[in-house]
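Report on one structure; see the data block that follows.
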Amino acid sequence: MRLSVGQRLALGIAWLLQRWRPWHQQPKLLGLFSLLAIRMRLRQLNLHDTSLLAVPEDLDGPAPTAEQRSARAPDGRYNDLESPGMGAAGSRFGRNVPFWASSTDGEPKLTSPSPREVSRRLLARGDQMAEVPFLNLLAGAWIQFQIHDWVSHGKNQRDNHIELPLEDGDDWHENPMRIRRSPHDPTRVTGGGPAAFDNTETHWWDGSQLYGSSAEALSELREGAGGRLAMGDDGLLPVNEAGVDKTGVTGNYWLGLSALHTLFVHEHNAIADMFTSKHPDWSDDRLFNQARLVNAALMAKIHTIEWTPAILPHPTTVAAMNANWYGLFGSKRMAKLLRRFSRSDVFIGIPGSRVDHHGAPYTLTEEFVSVYRLHPLIPDEIVVRSRANHEVTATPTLIEASEAGSRALMQNHGLEDVLYSFGVAHPGMLQLGNFPNTLRTLTRPDGWKLDLAAVDVMRDRERGVPRYNQFRELIRMPKVSSFEELVGGDPELAAKVSALYQGVDDVDLMVGLYAEPLLEGFGFSETAFRIFVLMASRRLKSDRFFTDDYRPEVYTPEGIRWVEDTGMRDVVLRHAPSLSPALAGVQNAFAPWAKAG
């Protein structure tokens, strides 16, 4: 991506501002300018096309049909009409770091220090979960709900393991611990360079967690009339052969996901019903495609201007996310007015602006996957309460609330009580010593036992994601010089980290992200936020259904109004109206709700 003279000048001014004060300590308008400059620099230097590593499988095809021009394809193809395979299910993850920095670790370095010991000594949650006071647990469930839309490496290799010998005192059920390896892209023959990995989901922000990433999967989820998704008479989703909700993505399924999947299938059907009333002559396919288009855009909007400001309630980040959707003035009314005269995302926001891939074909990236490892948000125990009086009605462990257990809880307590329970509870802090222990002793449906904290550490090493200090350097942030600086001066914590790692440069990315002191008004680290600055905008800016085709001719006027006039609070109350007292006075549905009684 080449920069214009004006862009280079802006970068120079932003550099001087940063020398004066970091962006988060500048006045809001200057901080916004500095964030724009940071994003510009990251776009220039931190988008790397992994298809250059070898010729990937041809995902392109014939010229698009009329339906493919106006509707999202189940497998994500034809979003970019000139490169139909871009972002499709089965295409590679990209990179935010250069190829030379993303070579996978050799076996000795791959297991040093042991990810199991990192899990035991640095990540394991103590007797009490450290909570985020300004968020509710719905926010913790929401991010997994979104990640299931964005990324999946597929099923790990059953007969190819990385072995971790146990240290004294470790009571894991077998020695050595074995971690299944990630499946590599078979078209990438590694010869000492970086490996490549495929995303089994579409890379686009298209609601694939609800709809699946293939035509075959989608056909099993539709009702077959009125553009609707299948829903039972009890208001819950159909169940699959494993007794789990039948939906687009069911991996790592638990009660929080069940509630959100159920809620947004109801929302899809409400949108489809609206279109049916406006256009009774439309076919089932036309109604479905329009409802999906609107539902996906609504989820993207909620994530952009509600979830993100909830977890990053710094005044500058709140303004920045509103600017992403509504432009510099942060006003829905002003954006609507200016869209008549401008296509610049600076003034109108990204929706309705011109599509731009910024010099690299659009993909999600391995580094994006890494910074969204947010498992400490999840509690080890779910407290289910009555929305009528706040009384506790069940306290299942996270494991008991997973897979088929999530369905049983939904049947026993209903969507409204479950949503209320998540609305009044808090998620965990993203910090060391707060990883759910239930996920560190996890048994998968096929009987495989794993320590998810150890697996998370191993995945970054295995997939060639740089360790924390090098990662910071490559995304234009200063390296930390000592363990004390890494942990914000806490000598006891610094000693615990240094006891595992030979030097601060060896600290794993996830460990560094959890150890890093949080900025005021931040729910996760600034290092992770830098990837968010780059990729949050890219997910919108590269997608023609959020840019060139975000217009009434494609969405219909009523479809655009639905997206623009609806927020998370509206979605909840449309399908769970008895929660109105809990949401009274609550401006952001991801903030703590009012307690009954």
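The values are calculated or read from the model by the stated rules, or taken from the named source; none is laboratory data. Quantities reported herein were computed from a predicted structural model and do not represent experimental measurements. Reconstructed Cβ throughout: ideal geometry from the backbone, glycine too, with neighbour counts over all protein chains shown.
Annotations for the structure displayed:
- Selected residue (only one of Trp593, Trp562 is of a type outside the set (Gly, Ala, Ser), within 30 Å of Val424 (Cα to Cα) and in contact with a Gly (Cβ under 9 Å, 6 or more places away or on another chain)): Trp593
- Total residues in the stretch 340-373, condition surrounded by fewer than 21 Cβ atoms within 10 Å (Cβ to Cβ) and in a loop (DSSP other than H, G, I, E, B): 14
- Candidates Pro194, Pro183, Pro165: the one that is in contact with a Leu (Cβ under 8 Å, 6 or more places away or on another chain) and either in contact (Cβ under 8 Å) with a residue 24 or more places away in the chain or under 23 Å from Arg116 (Cα atoms) (or both) is Pro194.
- Tally, over the stretch 244-262, of residues that are aliphatic (A, V, I, L, M) and within 16 Å of Gly207 (Cβ to Cβ): 3
- Spans of helices (runs of 4 or more DSSP H) in the stretch 106-189 with at least 1 residues modelled with pLDDT of 95 or more and crowded, with 18+ Cβ neighbours inside 10 Å: 115-118, 137-150
- Screening Trp172, Trp205 for residues that are within 20 Å of Val294 (Cα to Cα), among the hydrophobic types (A, V, I, L, M, F, W, C) and in contact (Cβ under 8 Å) with a residue 12 or more places away in the chain leaves exactly one candidate, Trp205.
- Condition met for Asp206 (assigned to a loop (DSSP other than H, G, I, E, B), within 21 Å of Ala576 (Cβ to Cβ), out of contact with any Phe, Trp or Tyr (no Cβ under 6 Å at 6 or more places or on another chain) and among the acidic types (Asp, Glu)): no
- Selection count where residues are touching a residue at least 40 places away in the same chain (Cβ under 8 Å), surrounded by fewer than 16 Cβ atoms within 10 Å (Cβ to Cβ) and either of a type in the set (D, E, K, R) or in contact with a strand residue (DSSP E or B) (Cβ under 9 Å, 6 or more places away or on another chain) (or both), scope the stretch 553-584: 1
- Qualifying residue in the stretch 150-162 (condition: over 26 Å from Val97 (Cβ atoms) and of a type in the set (Phe, Trp, Tyr)): no
- In the stretch 585-592 there is no residue that is of a type in the set (Phe, Trp, Tyr), part of a helix (DSSP H, G or I) and in contact (Cβ under 8 Å) with a residue 24 or more places away in the chain.
- Complete set of residues in the stretch 348-385 that are polar (S, T, N, Q) and more than 21 Å from Pro427 (Cβ to Cβ): Ser353, Thr363, Thr365
- The set of residues from the stretch 248-262 being among the small types (Gly, Ala, Ser) and either farther than 12 Å from Ala141 by Cβ or at pLDDT below 95 (or both) comprises Gly248, Gly251.
- Residue within the stretch 325-338 that is in contact (Cβ under 8 Å) with a residue 24 or more places away in the chain, closer than 30 Å to Ser152 by Cα and assigned to a helix (DSSP H, G or I) present: yes
- Hits in the stretch 74-105 (condition: among the small types (Gly, Ala, Ser), more than 30 Å from Arg286 (Cα to Cα) and part of a loop (DSSP other than H, G, I, E, B)): Ser102, Ser103
- So Ala296, is it out of contact with any helix residue (DSSP H, G or I) (no Cβ under 7 Å at 6 or more places or on another chain) and either modelled with pLDDT of 95 or more or in a helix (DSSP H, G or I) (or both): yes
- Within the stretch 528-559, the residues that satisfy the criterion of being of a type outside the set (Ser, Thr, Tyr), in a loop (DSSP other than H, G, I, E, B) and under 17 Å from Arg339 (Cα atoms) are Arg544, Phe545, Phe546, Asp548, Asp549, Arg551.
- The lone exception for Val457 - which of (1) more than 20 Å from the chain's Cα centre (by Cα); (2) among the β-branched types (Val, Ile, Thr); (3) part of a helix (DSSP H, G or I); (4) farther than 25 Å from Pro577 by Cα it fails: (1)
- Restricting the stretch 331-368 to residues that are among the aromatic types (Phe, Trp, Tyr) and closer than 27 Å to Leu47 by Cα, the residue that is modelled with the lowest pLDDT: Phe347
- Among the residues of the stretch 57-72, those that are in a loop (DSSP other than H, G, I, E, B) and in contact (Cβ under 8 Å) with a residue 12 or more places away in the chain comprise Glu57, Asp58, Leu59, Asp60, Gly61, Pro64, Ala71, Arg72.
- Residues that are in a strand (DSSP E or B) and without any contact (Cβ under 8 Å) to a residue 60 or more places away in the chain are absent from the stretch 417-434 altogether.
- Candidates Arg551, Arg544, Arg539, filtered to the one that is within 21 Å of Glu82 (Cα to Cα) and in contact with a His (Cβ under 9 Å, 6 or more places away or on another chain): Arg539
- Boolean, Glu485 is over 19 Å from Arg121 (Cβ atoms) and more than 27 Å from the chain's Cα centre (by Cα): yes
- Residue identified as crowded, with 22+ Cβ neighbours inside 10 Å and over 18 Å from Ser219 (Cα atoms) among Leu263, Leu257: Leu257
Rundown of residues vs (1) closer than 26 Å to Val572 by Cα; (2) buried (at least 19 other Cβ atoms within 10 Å of the Cβ); (3) modelled with pLDDT under 95, yes/no style:
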site: Pro376; (1), (2), (3): yes, yes, no
site: Pro396; (1), (2), (3): yes, no, no
site: Phe435; (1), (2), (3): no, yes, no
site: Ala453; (1), (2), (3): no, yes, no
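- Where a residue in the stretch 486-498 is touching a residue at least 24 places away in the same chain (Cβ under 8 Å) and its partner, wherever it lies, is surrounded by fewer than 17 Cβ atoms within 10 Å (Cβ to Cβ), with Cβ under 7 Å and at least six apart: Gly488/Pro517
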